[in-house]
Amino acid sequence: MPRPPLTSAEYWDLYKPYRAEGEQPAPTTDRFEWTQFPGHGPGPEVLGAPRHALELGPGEGTDAVHLARLGIQVTAVDFSAFQIERARRWWSDVPGVRFVHADVCEFLSRDTTEYDAIYSMWGAAWFTDPEFLLPLVAKRLVPGGVFVFSHAEPGPGTYGPQQMRGKWLEGRERELTVLRWQYAPGVWADLLKRNGFTDVDARIVPPPGNEPLGTLLVRAEAA
Ligand SMILES: C[S@@+](CC[C@H](N)C(=O)[O-])C[C@H]1O[C@@H](n2cnc3c(N)ncnc32)[C@H](O)[C@@H]1O
């Protein structure tokens with residue numbers, strides 16, 4: 001019988017795993033960048049001045065820790081047990097940041113906190129069906145609170161769920177594919193407005209130099 005495909009959470013257990021010899025040292029947290037290019041594009045100012053922020057899909061947790069060190073209270077939710085355990089191990093001594101092991105939709109459905117900012121940096125926001133995610137995000141923001149997320153610039157004609165295979169997963173026996181919801185800026189803007197968001201700014205941050213792909217960056221406010 002063929003082995004079943006990995007669940008999405010298992011897939012993400014394999015992201016930046018560093019399972020080699022011994023404990024990996026914690027990465028630096030000196031940068032908070034929406035693009036895939038160090039030192040390029042806007043930083044945390046896009047979030048305004050939140051007191052309490054929620055990150056969807058923090059992975060290693062460096063962005064959440066960066067914000068916590070600026071004095072922002074941060075809750076960071078990831079459904080990969082591996083990512084959450086490692087983030088807790090690395091950042092246990094950082095005040096103001098909390099790592100929660102949960103699927104973002106499940107967490108947003110049961111959470112009662114209202115956040116000033118919800119954000120996702122190449123994180124769960126583009127790996128979750130927006131039809132489910134956006135109404136849940138809208139409910140958990142204070143009026144005027146911001147939702148900001150980034151993902152890779154979509155190719156021409158890219159629309160909706162696309163299959164993604166991670167390059168770090170090559171050579172494995174089992175199927176390793178997840179879906180990501182990629183849309184052009186105008187489509188994201190429509191989706192957000194349909195879900196009650198206002199002041200939507202959805203754009204492509206152009207890449208530096210001769211790099212082929214820019215970054216899609218979206219910012220919207222809760223009514
Ligand atoms: C590409 S990684 C990005 C991690 C981090 N933001 C970064 O920039 O390195 C995507 C992260 O989103 C998490 N994720 C994907 N779907 C999720 C979901 N439905 N609920 C919670 N976390 C999710 C994955 O476990 C993974 O840690």
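Taken together, the values in this text are just the output of simple stated rules run on the coordinates, not laboratory data. All values derive from a computational prediction rather than experimental measurement. Using ideal geometry, Cβ is built from the backbone for each residue, glycine included, and neighbour counts are taken over all protein chains shown.
Once you keep just the Cα pairs under 8 angstrom separated by 6 or more residues, what percentage relative contact order results for the stretch 47-96? Provide the component values of the computation, followed by the final result.
Numbers: 63 pairs, mean separation 20.2, N = 50.
Taking the mean separation of contacting Cα pairs over the length of the stretch 47-96, I get 40 percent.
Could you line up GLU23, GLU211, GLU33 from fewest to most neighbouring Cβ atoms inside 10 Å?
So the ranking, lowest neighbour count to highest, is GLU23, GLU211, GLU33.
Normalising by the residue count of the chain, find the relative contact order in percent from Cα pairs under 8 Å and 6+ residues apart. If you can, show how the numbers build up before the last one.
On the way: 428 pairs, mean separation 44.5, N = 223.
Once divided by the residue count of the chain, the mean separation gives 20 percent.
Taking square-rooted eigenvalues a ≥ b ≥ c of the alpha carbon gyration tensor, is the chain rounded, prolate or oblate, where a/c under 1.5 means rounded and, failing that, a/b exceeding b/c means prolate?
Working: a/c = 1.35, a/b = 1.13, b/c = 1.20.
Judged from the Cα gyration tensor, the chain comes out rounded (a/c under 1.5).
Using helices alone, I'd like the mean residue ellipticity at 222 nm for the chain: each DSSP H run of four-plus residues gives -39500 (n - 2.57), total over residue count, nearest 500. Write down the numbers at each step before the final one.
Numbers: 6 runs with 52 residues, N = 223.
Taken over the chain, the calculation gives -6500 deg cm²/dmol.
In the stretch 35-109, which trypsin sites (Lys or Arg not before Pro) fall in coil by DSSP and have 16 or fewer other Cβ atoms within 10 Å? Could you put the intermediate results ahead of the total?
Numbers: sites: ARG51, ARG69, ARG86, ARG88, ARG89, ARG98; in loops: ARG51.
Answer in residue order: ARG51.
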